[in-house]
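Have a look at the structure below before the remarks.
The values are calculated or read from the model by the stated rules, or taken from the named source; none is laboratory data. Here the structure is a predicted model, which means the values were calculated and not measured. For neighbour counting, all protein chains shown are included, and Cβ atoms are generated from backbone atoms with ideal geometry for every residue, glycine included.
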Amino acid sequence: MSDQTPQEVGIAERIARKAHADQRDLDGQPYIDHVARVVSMVDGDEAKAVAWLHDVLEDSPVTPEDLDAHGISLRVINAVRRLTRTAPREYAPYIDSLRAGQIAARVKVADLRDHLTPNCPDRLRPRYEAAIALLLLDDPVATLTARCEALEQEKTLELETAKIEHTRAILRYTVKGYTAGENADSKHWRERAEAAESRCASLTRVLAQLRDEAMVMDVAYPIIASVLLGEEVADSPALARLSDAEAIITELKAVVREFVHEFKGEDFEAGLWPMMDRANAALAPSSGAAPTQDKEPT
């Protein structure tokens with residue numbers, strides 16, 4: 001494999017223009033125009049080389065060996081491999097896998113943003129918008145863990161407040177000369193306390209699981225990806241050994257949705273949240289992978 005050089009961008013462009021020469025996008029425009037726009041949205045020679053080549057393995061006869069023979073570096077080839085989605089691979093695991101490659105993730109975000117034109121098919125728009133959000137998260141598990149911890153503290157405070165108010169309601173009832181039994185006011189605070197206590201226990205379980213490294217890799221990432229992309233949670237080998245697996249998954253889904261709504265402007269790039277609001281509204285499980293056409297974007 002060759003070392004990466006600025007000249008590599010020119011080599012990559014020539015390969016891409018030849019590979020996509022006769023291809024058209026869904027609007028009937030030359031597909032290479034889309035590729036060139038993706039290149040313009042990323043910085044750095046290496047990222048631009050990857051951007052030129054991001055669809056050649058998937059949409060043309062070009063192979064990794066061909067890229068090597070033309071002098072493309074190993075790092076660029078590996079990034080292009082990572083970006084290549086082969087059927088029947090599910091979309092959520094594919095997008096989640098891109099997070100491990102910083103350059104691949106940057107190129108994919110640019111790719112998806114360019115596909116989000118007014119003519120983007122309605123069935124694909126929420127998926128693409130959610131994928132952008134997932135790729136822009138610095139560390140979704142760390143963010144999720146922090147959100148769980150904040151919620152646990154919030155519910156603990158609510159629990160203590162509810163217990164105090166429950167006691168006060170009973171005392172007020174007693175002072176008025178009635179029996180020291182339950183009344184409408186004390187019932188309200190008792191129910192608030194029970195709900196807060198239940199949520200605290202649930203969040204404590206989630207935090208314990210999130211701090212288990214194996215659970216993070218095998219369960220948390222796929223759940224986060226699936227929730228954001230509106231897909232069913234994939235089966236995982238780790239689920240069999242998790243206690244209260246169904247409750248954990250339910251709680252993780254709930255927390256993901258909460259930080260999707262509540263972390264606006266703090267952890268995501270400016271302008272992302274309007275897209276995420278629409279994506280979050282479309283989180284019902286999909287009926288499966290979207291059908292593909294010759295040049296439908298992935």
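Out of the stretch 115-127, which residues are surrounded by 20 or more Cβ atoms within 10 Å (Cβ to Cβ) and closer than 17 Å to MET41 by Cα?
Hit for the stretch 115-127 is HIS115, nothing else.
Of everything in the stretch 18-59, what is part of a loop (DSSP other than H, G, I, E, B) and within 20 Å of ARG82 (Cβ to Cβ)? Give them in sequence order.
HIS20, MET41, VAL42, ASP43, GLY44, HIS54, ASP55
Cβ-Cβ below 9 Å, separation at least six or inter-chain, first residue in the stretch 166-181 and over 22 Å from GLU194 (Cα atoms), second outside any loop (DSSP other than H, G, I, E, B): which pairs?
Cβ pairs passing all conditions: THR179/TYR173.
Only residues that are out of contact with any Gly (no Cβ under 9 Å at 6 or more places or on another chain) and in a helix (DSSP H, G or I): list them for the stretch 68-91, please.
Once the filter is applied, which keeps residues that are out of contact with any Gly (no Cβ under 9 Å at 6 or more places or on another chain) and in a helix (DSSP H, G or I), the stretch 68-91 yields ASP68, ALA69, LEU74, ARG75, VAL76, ILE77, VAL80, ARG81, TYR91.
With the checklist (1) under 28 Å from the mean Cα position of the chain (by Cα); (2) closer than 28 Å to ASN119 by Cβ; (3) of a type in the set (A, V, I, L, M); (4) outside any loop (DSSP other than H, G, I, E, B) in hand, flag the one item ILE15 doesn't pass.
All conditions pass for ILE15, except number (1).
Looking at the stretch 101-109, is at least one residue exposed (fewer than 14 other Cβ atoms within 10 Å of the Cβ), of a type in the set (S, T, N, Q) and not in a helix (DSSP H, G or I)?
The answer is no; no qualifying residue exists.
What pairs can you find where one residue is in the stretch 71-83 and over 16 Å from ILE95 (Cβ atoms), the other is assigned to a strand (DSSP E or B) and at pLDDT below 90, and their Cβ atoms are less than 6 Å apart, with a gap of 6+ or different chains?
That search, which allows pairs on different chains as well, returns GLY71/SER2; SER73/SER2.
The rows are residues; the columns are (1) among the hydrophobic types (A, V, I, L, M, F, W, C); (2) farther than 30 Å from LEU210 by Cβ.
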{"position": "THR161", "(1), (2)": "no, no"}
{"position": "ILE164", "(1), (2)": "yes, yes"}
{"position": "ARG172", "(1), (2)": "no, yes"}
{"position": "SER186", "(1), (2)": "no, yes"}
